[in-house]
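Worksheet for the structure shown next.
Nothing in this text is a laboratory measurement; each read-out follows from the coordinates by a stated rule. Please read all numbers here as calculations on a predicted model, not as lab measurements. Positions of Cβ are backbone-derived with ideal geometry, glycine not excepted, and every protein chain shown enters the neighbour counts.
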Amino acid sequence: MTKKLYSHFNPEVHKIESKIATVRTSHHCKYNINYHIIWIPKYRKPVLVDKVKEVLKAIIEGQCQEMSISNPALEIMPDHLYLFVGCKPTVTPFKIIHKLKGNTSIQLR
């Protein structure tokens, strides 16, 4: 099987294979739930640069810790960002995106 190398996202840098394969346990279940989230600023304007990029990364990492979400990979480009997260079965993708986008928007403004 050949691996494709993408210029915008390199899984070998973040050692994604080992982090994705981790099966976590709870009191009554075993799970391995991961979400690949991509979002862009309005009109895809290249605003995620320099200081904004650093602050955004710190905000997202803090919110992931607060929600008990593992964050194996985060790539911030000038006009979009890739976020790969793993969470418990009780946390829905809607809750993750709602909390992350809402808090980053408020704090960056």
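For L81, what charge total do you get from the other residues with a beta carbon under 15 Å from its beta carbon, if Lys and Arg give +1 and Asp and Glu give -1? Could you put the intermediate results ahead of the total?
Numbers: positive: K42, R44, K45, K53, K57, K101; negative: D50, E54, E61, E75, D79.
My count for the surroundings of L81 gives +1.
In what sequence, highest mean first, do 40-52, 72-84 appear when ranked by Cβ atoms within 10 angstrom? If you can, show how the numbers build up before the last one.
Working: 40-52: 11.2, 72-84: 17.2.
Put in order of decreasing packing, that is 72-84, 40-52.
Report the local net charge at Y31: Lys and Arg +1, Asp and Glu -1, summed over other residues whose C-beta lies under 13 Å from its C-beta. Don't skip to the answer; put the middle values down first.
Details: positive: R24, K30, K88; negative: none.
Spelling it out: positives minus negatives among the neighbours equals +3.
Given C-alpha coordinates of the stretch 11-108, what is the ratio Rg to Rh with the Kirkwood estimate of Rh?
On the way: Rg = 14.1 Å, Rh = 14.3 Å.
That ratio equals 0.99.
In percent, what relative contact order does the stretch 11-108 have, based on Cα pairs under 8 Å that are 6 or more apart in sequence?
Numbers: 114 pairs, mean separation 31.1, N = 98.
Computed over the stretch 11-108, the figure is 32 percent.
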